[in-house]
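Asker: What follows is a single structure, and I will ask about it in a moment.
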Amino acid sequence: MINYIQPLKRRTLSLVTKKQLSFFIITWAISFGFFVRAYPAFTNPMPLNDGGLFLSIVEDIMAKNFTLPQTISYNNGNIPLSYPPLAFYVIAFFSKYFLIEPILILKWMPIIISTVSIGAIYLLAKEIHKDELIASLSSISFAMFPPSISWFIMGGGVTRSFGILFSILTMLFAYRLFTKGKWINCLLTSIFGSLLLLSHPQWILQTVGVIIIFFLKFGNKDKNIKLSFITAIIIIIITMPWWLAVIQTNSTTMANAIKTGFHNFANFLIPFLLTFGKEPFFPIITLTGVLGLIYFIQKGSYWYGVWFLYPFFIDPRSAFSAASIPISITSGIGLLILLQTINMFSSSKPAEPCTKDLESDYNLNMSRSSKLGIGFFLIYTLAGGFANTLQISDVVLKTEVINSFSWIKQNIPPNSNFLVISAEPLFANPIQEWFYPLTKSNSLNTYQGREWLPDFDHFVSNNATLQDCKYKTISCLNEWLASNNIGYEYIYLYEGKVPTLGIEEIQASLSLGESLKADNHHLLVYQSQNIKIFRLKYDE
């Protein structure tokens with residue numbers, strides 16, 4: 001598609017120099033992309049944010065000698081295990097045969113897989129644009145774009161990171177399949193499509209739509225139908241052991257999980273308001289991505305626009321991350337648009353209107369301002385990526401919480417029933433998620449894992465009501481208990497400030513703790529600076 005190589009060779013920049021520049025940029029993207037992703041792991045003992053549920057699944061798989069359990073032990077909830085299991089088996093394999101603690105793998109594997117995805121996006125961009133320089137610029141955008149970082153470096157990002165990696169690779173070989181044919185592309189699409197199916201449910205939905213776009217846009221339709229059918233059959237055969245087990249034991253749970261995509265009209269406005277990038281400073285990646293998107297649309301390549309909008313309609317919950325792929329791919333050409341504009345205004349010659357395609361007209365033997373422009377883009381996006389990581393790096397279990405969990409595990413009988421009150425918001429509640437795997441006692445109100453059950457939305461709302469009691473007295477707790485048939489033995493109360501992925505900080509409160517201390521039905525059995533644990537007194 002992109003055809004400005006010949007003018008560059010003819011006028012200004014040798015092919016060797018171009019390769020060197022492209023190599024430098026992709027090396028920068030992967031190296032600093034890893035640094036940005038790994039910073040929280042270097043500075044915290046625990047995985048970022050979530051992952052407790054997945055640790056329990058890994059432990060269940062290892063306890064059953066690598067047999068896939070029908071239910072998981074998490075909070076003794078008998079939750080059906082319908083989640084794609086690839087990441088769990090990878091962790092279990094490395095833990096058993098390389099003697100690495102599962103929690104350490106859970107901490108580092110999302111970071112490593114997410115970094116590998118930077119290389120994958122380079123290959124996809126190069127295949128679409130037919131140019132390694134634009135592809136390397138696109139890889140920079142992907143490496144530093146917050147939606148392609150934040151949720152993929154957390155403990156729970158171990159499945160999401162596999163999902164986006166295999167999604168990109170499936171798109172890559174599906175694109176080759178429809179544009180070039182060849183059985184090798186059919187085989188590779190089948191392999192990576194199978195790995196995707198075994199990795200993450202939301203990324204399955206996101207990828208299928210993009211492949212359909214490629215199918216409708218490129219190649220011979222009759223031939224593509226044949227190749228698509230063969231590819232689908234191979235994927236079905238490879239993944240058959242897993243999906244047959246799911247159908248036989250937990251046939252309705254997948255549908256329950258798909259319903260948690262947060263579909264509402266407001267989400268459809270996000271791509272038009274350009275708020276999806278969440279860049280901490282000026283949204284330069286969003287700007288260059290949208291500029292590139294507009295450029296291709298005005299050239300008649302409307303499928304770029306469909307690719308960008310599709311994630312927000314099919315699954316808004318993962319749309320920010322899914323949209324980062326087309327935005328990164330168009331960002332490279334968007335940056336060239338900015339540089340050409342800079343050259344036009346900085347040139348001593350009178351500005352002339354651009355009558356050719358940007359790809360053919362652009363001169364890479366840049367003016368000093370253009371060279372500074374690319375250097376600025378590299379440094380500014382690195383600063384933005386690192387600032388984003390700093391914002392989210394404090395959403396992790398603190399030492400005080402870890403110590404309290406250890407005390408519970410050593411001093412309270414296993415499988416005791418707790419109400420965990422921390423006032424943590426939706427999707428940023430490491431205390432609630434990690435409670436069971438680190439204490440082996442049950443958190444009765446933790447909602448992680450219940451996406452597979454039909455009462456998920458009600459359970460989330462009910463938990464939020466309980467968390468509000470942190471700022472009120474025991475009367476709030478009693479009202480909540482009166483409307484819920486829950487028998488608890490202990491209350492775990494975190495009274496400190498709660499970080500929320502850089503958006504805000506929820507303030508501390510002593511209200512409920514002081515009220516429980518004065519109550520005759522609860523006994524304080526553990527206390528630290530921000531944590532109180534109460535035992536329910538029983539009538540003698």
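Asker: How big is the accessible area of residue 341 in square angstrom, nearest 10, if you roll a 1.4 angstrom probe over the protein chains?
Answerer: The accessible area comes out at roughly 60 Å².
Asker: Which value, in debye to the nearest 20, describes the size of the charge dipole of segment 468-531 about its Cα centre when Lys and Arg Cβ atoms bear +1, Asp and Glu Cβ atoms bear -1, and nothing else is charged?
Answerer: Details: 4 positive and 8 negative charges, 16 e Å.
It comes to approximately 80 debye.
Asker: If eta is 1.002 mPa s and T is 20 °C, what Stokes-Einstein diffusion coefficient results for segment 418-540, Kirkwood Rh from Cα pairs, in µm²/s?
Answerer: Values: Rh = 14.9 Å.
The calculation lands on 144 µm²/s.
Asker: Lysines within cross-link reach of residue 517: Cα-Cα under 16 Å, excluding same-chain residues under 8 positions apart?
Answerer: Result set, ordered by chain and number: 470, 472, 532, 537.
Asker: How big is the accessible area of residue 103 in square angstrom, nearest 10, if you roll a 1.4 angstrom probe over the protein chains?
Answerer: 50
Asker: Antiparallel versus total DSSP beta bridges in the chain: what percent is that, nearest 5? Walk me through the numbers on the way to the answer.
Answerer: Details: 14 of 20 bridges.
Looking only at bridges with both residues in the chain, the antiparallel portion is about 70 percent.
Asker: In addition: Just from its helices, what would the mean residue ellipticity at 222 nm be for the chain, if runs of 4 or more DSSP H residues each count -39500 (n - 2.57) and the sum is divided by every residue, rounded to the nearest 500 deg cm²/dmol? The partial results should precede the final answer.
Answerer: Details: 22 runs with 341 residues, N = 540.
Per the formula, -21000 deg cm²/dmol.
Asker: Assigning unit charges at the beta carbon (Lys, Arg +1; Asp, Glu -1) and nothing else, what dipole magnitude in debye, to the nearest 20, does the chain show about its Cα centre?
Answerer: Numbers: 38 positive and 31 negative charges, 463 e Å.
My answer is approximately 2220 debye.
Asker: Only bridges whose two residues both fall in segment 410-540 count here: according to DSSP, what percent of them are antiparallel, nearest 5?
Answerer: Numbers: 12 of 18 bridges.
Once the DSSP bridges in segment 410-540 are tallied, antiparallel ones form about 65 percent.
Asker: Then there's this: So if R0 is 22 Å, what FRET efficiency would residue 482 and residue 536 give, r being the distance between their Cβ atoms, rounded to the nearest 0.05?
Answerer: On the way: r = 15 Å, r/R0 = 0.69.
So the FRET efficiency works out to roughly 0.90.
Asker: Heavy-atom accessible area of residue 468 with all protein chains present, probe 1.4 Å, nearest 10 Å²?
Answerer: Accessible area, nearest 10 Å²: 80 Å².
Asker: What accessible area per residue comes out for the chain, rounded to a whole number of Å², with a 1.4 Å probe?
Answerer: On the way: 23070 Å² over 540 residues.
Heavy-atom SASA per residue in the chain reads 43 Å².
Asker: Classify segment 107-222: rounded, prolate or oblate, from the alpha-carbon gyration tensor (a ≥ b ≥ c, eigenvalue square roots; a/c under 1.5 rounded; otherwise prolate if a/b is larger than b/c)? Walk me through the numbers on the way to the answer.
Answerer: Numbers: a/c = 2.20, a/b = 1.40, b/c = 1.57.
Oblate is the answer for segment 107-222, as a/c is 1.5 or above yet b/c matches or exceeds a/b.
Asker: With a 1.4 Å probe and all protein chains in place, put 160, 317 in order of accessible area, largest first. Spell out each step's value before the answer.
Answerer: Numbers: 160 45, 317 80 Å².
Final ranking, largest accessible area leading: 317, 160.
Asker: On to the next question. Find which of 103, 333, 307 sits farthest along the positive direction of the dipole of the chain, computed with +1 on the beta-carbon of Lys and Arg, -1 on that of Asp and Glu, about the Cα centre.
Answerer: Of the options given, the answer is 333.
Asker: Put a dot 7 Å past each Cα toward the Cβ at residue 67 and residue 230; how far apart are the dots in nm?
Answerer: Roughly 3.9 nm, to one decimal.
Asker: Here is a follow-up. How big is the shadow of the Cα convex hull of segment 40-176, averaged over all directions, in nm²?
Answerer: On the way: hull surface 38.3 nm².
Hull-based average projected area comes out at 9.6 nm².
Asker: Under 12 Å from the 7 Å Cα→Cβ point of residue 100, by amide nitrogen: which residues of segment 110-153?
Answerer: 110-113
Asker: As a test of reading the structure, rank 222, 455, 131, 60 by solvent-accessible area (1.4 Å probe, protein chains only), most first. Display every interim value, and only then the final one.
Answerer: Working: 222 120, 455 55, 131 0, 60 25 Å².
Result, largest first: 222, 455, 60, 131.
Asker: Using a 1.4 Å probe over the heavy atoms of the protein chains, calculate the carbon and sulfur portion of the accessible area of the chain as a whole percent. Intermediate results must be reported in sequence, preceding the final value.
Answerer: On the way: 14520 of 23070 Å².
Exposed carbon and sulfur together represent 63 percent of the surface.
Asker: While we're on this one: Using only Cα atoms, what is the ratio of the radius of gyration of segment 394-444 to 2.2 N^0.38 Å?
Answerer: Values: Rg = 10.6 Å, N = 51, 2.2 N^0.38 = 9.8 Å.
Relative to the 2.2 N^0.38 Å estimate, segment 394-444 comes out at 1.08.
Asker: How are the Cα pair distances of the chain distributed, in percent, across 10 Å bins from 0?
Answerer: Bin by bin from 0 Å, the calculated values are 3, 17, 26, 24, 16, 9, 4, 1, 0, 0.
Asker: Let me ask you something else. Check cross-link reach from residue 217 to the lysines: straight Cα distance under 27 Å, and skip same-chain residues fewer than eight apart.
Answerer: Counting by Cα, and skipping residues close in sequence, residue 217 has these lysines nearby: 126, 130, 180, 182, 226, 299, 356.
The values are calculated or read from the model by the stated rules, or taken from the named source; none is laboratory data. Predicted model only: the values in this text are computed from it and were never measured. All Cβ positions, glycine included, derive from the backbone under ideal geometry; neighbour counts span all protein chains shown. These accessible areas exclude ligands, DNA and RNA; they are computed on the full protein's heavy atoms, side chains included. Shrake-Rupley method; radii C 1.70, N 1.55, O 1.52, S 1.80 Å.
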